[in-house]
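Worksheet: the structure to be examined is printed underneath.
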Amino acid sequence: LKREVSREKLEQMYQGCSKWAEWHMIYRDDDHDGIPQYEHGDESGGDDCTVFQQYPIMETPDLCAYLGLLFEALGDLAGMLDKPEAEQAIWYEKSKTIIQKMIDAFWNGERFVAWIHGTREIVANDSSLYYYPIVLGKRLPQEIIDKMAEDLSVENSFLTPYGFTTEKMTSDDFSTDGMAKGMIIPPTNLLLITGLFDAGKTELARKAAMRYCRGMRDGGLTMMVSPFNGARGGLFNGSWPSCAYIALAELCSM
């Protein structure tokens, strides 16, 4: 990246992403516990995600995972820009801290859960959102990686012939009429599959990637614009699948 992008653009990226990262800790951590909250399900990318159906303001593990990656990337950018070592170390420490807070707060020994902001009432339904922290890959403890991979490998649970659904297929809330209630959407598959791959679960990652890509192919989605319905699961169509297809097809060949 340092060879391909000008220092000026790297500096702009560093300053902008630094502000974005800190914004979450300043304006989305109302109880000052080091764990930021979503103010609405829309902010998670899953507009109708069942995690938020009881209460909109939630503290969830996926947001901590994303920020953990962002803090780490800022440490890397600081190094590319020859910032002081102390400044680089601050970002790396922030990354390790929020990942550990995520584990301490939301891992119950079997799975990740979420909290209602303010009351810390546990919400543990059947959304795939609870598995998005796998995007951290080997930054997670091996026992968590193993358990999440075990859950995601169960056929006709989240794993379908066409990739991963947004809601467990056996859930009472499962519906292919809801984007984050059962559809097979590109972001879910990118997060889960690339996370599994980075965590060392390459066989499962390739299996799911092949299924997603074959679903695109067999559904007549060469141009990624036609509707396609899989077994009990809608496959999201449009521009998102085009990007996901390219990334996951490449992963299949690795």
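Return the total of residues in the stretch 152-167 being open to solvent by 30 Å² or more (accessible area, probe 1.4 Å) and at pLDDT 95 or above.
Here is the first cut: in the stretch 152-167, the ones open to solvent by 30 Å² or more (accessible area, probe 1.4 Å) are 153-156, 161-162.
Then drop every residue that is not at pLDDT 95 or above, which leaves 153-155.
Residues flagged as open to solvent by 30 Å² or more (accessible area, probe 1.4 Å) and at pLDDT 95 or above within the stretch 152-167 amount to 3.
Six or more apart or on different chains, Cβ atoms under 6 Å: show the pairs whose first residue is in the stretch 123-146 and open to solvent by 20 Å² or more (accessible area, probe 1.4 Å) and whose second is among the acidic types (Asp, Glu).
126/167; 132/62
Would you confirm whether any residue within the stretch 123-138 is of a type in the set (Ser, Thr, Tyr) and outside any helix (DSSP H, G or I)?
Yes, that holds for at least one residue.
Considering each residue of the stretch 81-117, count those that are hydrophobic (A, V, I, L, M, F, W, C) and either more than 30 Å from residue 151 (Cβ to Cβ) or assigned to a helix (DSSP H, G or I) (or both), and give that number.
Qualifying residue count, the stretch 81-117: 11.
Quick check on this structure: which one of 8, 4 is assigned to a helix (DSSP H, G or I) and farther than 22 Å from residue 135 by Cα?
Values: 4 fails: assigned to a helix (DSSP H, G or I).
Unique residue meeting the criteria: 8.
If you go through the stretch 16-32 one residue at a time, how many are over 30 Å from residue 119 (Cβ atoms) and open to solvent by less than 80 Å² (accessible area, probe 1.4 Å)?
3
So, in the stretch 42-68, of the ones that are part of a helix (DSSP H, G or I) and free of Cβ contacts under 8 Å to residues at least 40 places away in the same chain, which residue ends up nearest to residue 173 (Cα to Cα)? Give the steps one after another, and end with the answer.
Within the stretch 42-68, the first condition is being part of a helix (DSSP H, G or I), and the residues that meet it are 42-44, 50-52, 61-68.
Now narrow it down to the ones that are free of Cβ contacts under 8 Å to residues at least 40 places away in the same chain: 42-43, 52, 63.
Numbers: 42: 18, 43: 20, 52: 12, 63: 23 Å.
If we take residues in the stretch 42-68 being part of a helix (DSSP H, G or I) and free of Cβ contacts under 8 Å to residues at least 40 places away in the same chain, then 52 is nearest to residue 173 (Cα to Cα).
Residues of the stretch 52-62 being closer than 18 Å to residue 119 by Cβ and under 14 Å from the mean Cα position of the chain (by Cα), which ones?
60, 61 - these are the residues of the stretch 52-62 that are closer than 18 Å to residue 119 by Cβ and under 14 Å from the mean Cα position of the chain (by Cα).
Could you run through the stretch 196-254 and say how many residues are closer than 15 Å to residue 184 by Cβ, small (Gly, Ala, Ser), in contact with a strand residue (DSSP E or B) (Cβ under 9 Å, 6 or more places away or on another chain) and modelled with pLDDT under 75?
5
The values are calculated or read from the model by the stated rules, or taken from the named source; none is laboratory data. Keep in mind that this is a model prediction, so the values were computed, not measured. Backbone-built Cβ (ideal geometry, glycine too); neighbour counts: all protein chains shown. Ligands, DNA and RNA are stripped out before the accessible areas are found, and what is left, the full protein with its side chains, is counted by its heavy atoms. Shrake-Rupley method; radii C 1.70, N 1.55, O 1.52, S 1.80 Å.
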